Amino acid sequence: MRATPSPIGNVNALKRSLEAVSQTGDIVVEKNGDYSIDNEECLPFEYKAVLGKGGSAFVQKVQHKTTRAVFANKVFAFPREKAKGRDQAVGRYYNELAIIRSLKAHRHMIELFATYRTPRSGALILCPAADQGDLQQYLDNYADALDDHTTASASVARMTKVLEQAFGCLLSGLSYMHGMGVRHKDIKPANILIHKGTVIYTDFGTSKDTVREQECTTEGRPDFLTRKYSAPEVLEYEKRNFAADVFSLGCVFFEILLRLSGMTEHEGLGADGYSGIIDALHTLLLSAEIPSKLSCLRAIVIAMTLREAKGRPDSAKITTDICSHEGLSCLPCHFSKAQVQPRPLQPSAPHPPNPESPTPGPPMPETSTPRPTNSQHSMSGLELAGAILGAFPLLLSGIEHWRDVATVHDLYRHIRKHYKKCQRDIQFHEIIYKNNLRELLVPLTESADEVARLVADPGGQGWGDKALQERLKGRLNDSYELYLRIITEMNDVVEEFNREICFDKENVQGGLSLSEQKGQRRNRSPSLQAFSKASKIPVPKGNQKSEMFCMKFSLGERKRNELVDKLKECNERLEKLVRSGDR
């Protein structure tokens with residue numbers, strides 16, 4: 001069966017995918033691909049189970065027939081052509097698609113593998129398909145494990161650690177979300193997945209991109225809500241904004257705290273959920289016997305669930321507070337804390353679109369690799385090495401965002417040469433750095449497989465292994481201080497590189513406009529016209545500032561080349577140091 005490309009996505013990857021057909025007749029679905037097909041029979045997936053159902057979509061667990069990789073397939077049903085409600089259904093599909101792609105840089109967000117469209121549906125192929133279910137299931141399983149005296153203590157300890165780290169990780173994700181201008185609007189345990197001990201936000205079906213829509217505050221009857229976790233202003237149809245998400249997450253934290261403190265769900269919940277028992281909730285928190293490690297959360301959860309929205313702290317502030325405590329987040333969240341601050345709306349200079357998605361998305365935030373500031377001098381040499389390793393994908397994501405915006409505005413041909421060079425340079429030095437790490441770590445571990453697992457998971461707990469850190473010191477001996485200087489310098493270079501290619505700068509942010517301008521090109525393709533009509537969002541075109549956009553990227557090549565040279569020097573010095581230690 002023939003598959004035709006949709007008007008979005010990675011064109012080159014899409015062409016390769018559509019030209020390559022397996023012997024079974026299935027199309028080849030590649031990462032970041034977007035496909036338009038007649039029906040789902042040509043997809044290379046096997047149905048496994050239903051994971052969930054909602055008002056406008058259902059989620060299936062599917063497995064790739066060849067690779068055996070497992071995905072969650074979220075399918076949106078569309079009414080027939082020209083039927084009432086079709087434009088709204090298609091718009092909801094593209095809204096979630098765009099939001100998930102705009103948040104892809106954060107490790108606690110669900111990842112979009114690929115998408116496909118049929119005449120009557122749109123689907124998001126998501127990963128991971130959580131191997132430990134959602135947070136609600138996990139909390140129930142934890143309570144059962146505590147009650148079951150036959151459960152191994154090591155198993156309970158692992159589950160306890162996952163729940164303790166969830167506080168900081170979920171706040172880090174919310175802070176990033178809000179920094180990107182996204183309101184989730186339906187935070188609850190069922191919309192938080194647990195995969196390999198990591199919490200992951202999912203289900204952005206009702207979420208709002210406040211940057212794209214140039215509107216942060218909404219009021220009136222919401223299209224959808226979960227009353228149990230909704231803020232008072234939501235239930236009362238009053239004005240609400242990011243603070244409503246903070247309240248909902250505070251309710252989730254309350255439930256986690258209850259479980260970790262050996263208590264069960266509050267029995268006084270009524271039709272208004274936690275909003276109806278706020279005073280009783282606060283009284284319970286003040287009197288509850290909470291483990292000393294979690295005592296700092298008592299006041300924070302109360303502040304998050306204040307009745308008045310204006311009194312609640314913003315997500316970035318709480319992230320800094322909680323992630324500063326050891327053990328209340330994973331290592332990447334602990335060391336990055338609140339990197340992304342919520343942006344104010346700028347109606348006079350709308351943000352450029354994210355062309356990986358059919359609806360314009362917010363620009364990449366000015367995230368950065370953790371600097372060795374006073375609060376981070378305590379990072380071990382091993383942890384710092386892992387942090388740098390995790391920064392390379394962010395650099396590639398940042399440079400790709402320039403390409404994406406240029407593609408939508410038909411400017412890519414003007415920056416293609418400089419973009420390709422920068423992309424190749426980053427990829428090359430990432431490979432060299434990984435090789436240096438492997439040579440450094442293999443003698444310190446029991447097998448090469450253990451090193452492979454470390455390198456594959458830069459944010460994993462293995463980088464905080466104190467025993468491994470001591471073995472690293474022992475191997476380098478007198479050269480350890482030199483190693484620290486090299487790795488710290490490399491961290492500074494990566495951070496400066498990130499600032500250089502960061503998209504969230506005023507001279508770029510205001511460089512291109514989403515609004516239609518008089519005199520713009522009118523030769524839209526039919527597919528883009530159809531999309532613009534369906535999503536009710538104008539497809540952006542070039543304007544007088546397009547040349548400034550291209551010039552900004554091209555003139556930055558000199559600085560990027562200098563940083564690449566510094567990366568090269570650091571990698572070479574690290575390589576010599578590692579090899580000298582092997583003699």
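The values are calculated or read from the model by the stated rules, or taken from the named source; none is laboratory data. Predicted model, so just to flag it, every value in this text is computed and none were measured. Cβ sites come from the backbone with ideal geometry, for glycine too, and all protein chains shown count toward neighbours.
Let me confirm something: among 152, 157, 166, which residue is in contact with a helix residue (DSSP H, G or I) (Cβ under 7 Å, 6 or more places away or on another chain), more than 30 Å from residue 30 (Cβ to Cβ) and of a type in the set (Gly, Ala, Ser)? Exactly one of 152, 157, 166 is in contact with a helix residue (DSSP H, G or I) (Cβ under 7 Å, 6 or more places away or on another chain), more than 30 Å from residue 30 (Cβ to Cβ) and of a type in the set (Gly, Ala, Ser), namely 166. Can you report the number of residues in the range 289-308 which are free of Cβ contacts under 8 Å to residues at least 60 places away in the same chain, surrounded by 14 or more Cβ atoms within 10 Å (Cβ to Cβ) and either among the aliphatic types (A, V, I, L, M) or not in a helix (DSSP H, G or I) (or both)? Of the residues in that region, 9 qualify. May I ask you to verify whether residue 274 is among the hydroxyl-bearing types (Ser, Thr, Tyr) and buried (at least 17 other Cβ atoms within 10 Å of the Cβ)? Yes: the conditions hold for residue 274. Taken together, 120, 68 contain a single residue that is without any contact (Cβ under 8 Å) to a residue 12 or more places away in the chain, farther than 26 Å from residue 172 by Cα and of a type in the set (Lys, Arg), which is 68.
Restricting to the range 95-127, name every residue that is of a type in the set (Ser, Thr, Tyr) and surrounded by 23 or more Cβ atoms within 10 Å (Cβ to Cβ).
102, 115, 116 - these are the residues of the range 95-127 that are of a type in the set (Ser, Thr, Tyr) and surrounded by 23 or more Cβ atoms within 10 Å (Cβ to Cβ).
Against the conditions (1) more than 17 Å from residue 555 (Cα to Cα); (2) surrounded by fewer than 19 Cβ atoms within 10 Å (Cβ to Cβ); (3) more than 25 Å from the chain's Cα centre (by Cα), residue 440 satisfies every one except (2).
Restricting attention to the range 215-233, and to residues there that are part of a loop (DSSP other than H, G, I, E, B) and hydroxyl-bearing (Ser, Thr, Tyr), which single residue is nearest to residue 248 (Cα to Cα)? Here the residue is 230. Of the strands (runs of 3 or more DSSP E) lying entirely inside the range 1-66, those containing at least 2 residues that are at pLDDT 90 or above and among the aliphatic types (A, V, I, L, M) are 45-53, 57-64.
Here the range 132-152 is the region considered, the condition is being among the charged types (D, E, K, R) and part of a helix (DSSP H, G or I), and the residue that is farthest from residue 72 (Cα to Cα) is 147.
Listed by position, the helices (runs of 4 or more DSSP H) contained in the range 452-570 that have at least 3 residues being within 28 Å of residue 169 (Cβ to Cβ) and at pLDDT 85 or above are 466-476, 480-501.
Residue-level check: of (1) crowded, with 19+ Cβ neighbours inside 10 Å; (2) of a type in the set (Val, Ile, Thr); (3) within 24 Å of the chain's Cα centre (by Cα), residue 451 misses just (3). With respect to the conditions (1) in contact (Cβ under 8 Å) with a residue 24 or more places away in the chain; (2) part of a helix (DSSP H, G or I), residue 155 falls short on a single one, namely (1). When you look at residue 412, is it in contact (Cβ under 8 Å) with a residue 60 or more places away in the chain and crowded, with 16+ Cβ neighbours inside 10 Å, yes or no? Taking the combined requirement at face value, the residue does not satisfy it. Within the option set 154, 190, 143, being among the small types (Gly, Ala, Ser), in contact with an Asp or Glu (Cβ under 8 Å, 6 or more places away or on another chain) and surrounded by fewer than 21 Cβ atoms within 10 Å (Cβ to Cβ) holds for one residue only, 190. Filtering the range 34-61 to residues that are of a type in the set (Phe, Trp, Tyr) and either more than 17 Å from residue 120 (Cβ to Cβ) or not assigned by TED's automatic domain parsing to the domain that holds residue 112 (or both) leaves 45, 47. From the list 204, 167, which one is out of contact with any Leu (no Cβ under 7 Å at 6 or more places or on another chain) and not in a strand (DSSP E or B)? Exactly one of 204, 167 is out of contact with any Leu (no Cβ under 7 Å at 6 or more places or on another chain) and not in a strand (DSSP E or B), namely 204. Kindly provide the set of residues from the range 92-145 that are closer than 30 Å to residue 156 by Cα and of a type in the set (Phe, Trp, Tyr), ordered by number. Across the range 92-145, the qualifying residues are 138, 142.
Annotation: of all residues in the range 309-347 being of a type in the set (A, V, I, L, M) and part of a helix (DSSP H, G or I), the one that is modelled with the lowest pLDDT is 331. Can you find a residue that is in contact (Cβ under 8 Å) with a residue 60 or more places away in the chain and under 14 Å from residue 301 (Cα atoms) anywhere in the range 260-280? Looking through the range 260-280, none of the residues is in contact (Cβ under 8 Å) with a residue 60 or more places away in the chain and under 14 Å from residue 301 (Cα atoms). Scanning the range 67-81 for residues that are assigned to a loop (DSSP other than H, G, I, E, B) and either closer than 21 Å to residue 133 by Cα or not polar (S, T, N, Q) (or both) yields 68, 69, 78, 79, 80, 81. Say whether the condition of being at pLDDT below 85, in a loop (DSSP other than H, G, I, E, B), under 17 Å from residue 106 (Cα atoms) and β-branched (Val, Ile, Thr) is met by at least one residue in the range 383-402. Scanning the range 383-402 turns up no residue that is at pLDDT below 85, in a loop (DSSP other than H, G, I, E, B), under 17 Å from residue 106 (Cα atoms) and β-branched (Val, Ile, Thr).
Condition (residue is outside the structural domain of residue 396 (by TED's automatic domain parsing), closer than 20 Å to residue 212 by Cβ, in a strand (DSSP E or B) and among the hydroxyl-bearing types (Ser, Thr, Tyr)) applied to the range 97-104: is it met by at least one residue? Taking every residue of the range 97-104 in turn, none turns out to be outside the structural domain of residue 396 (by TED's automatic domain parsing), closer than 20 Å to residue 212 by Cβ, in a strand (DSSP E or B) and among the hydroxyl-bearing types (Ser, Thr, Tyr).
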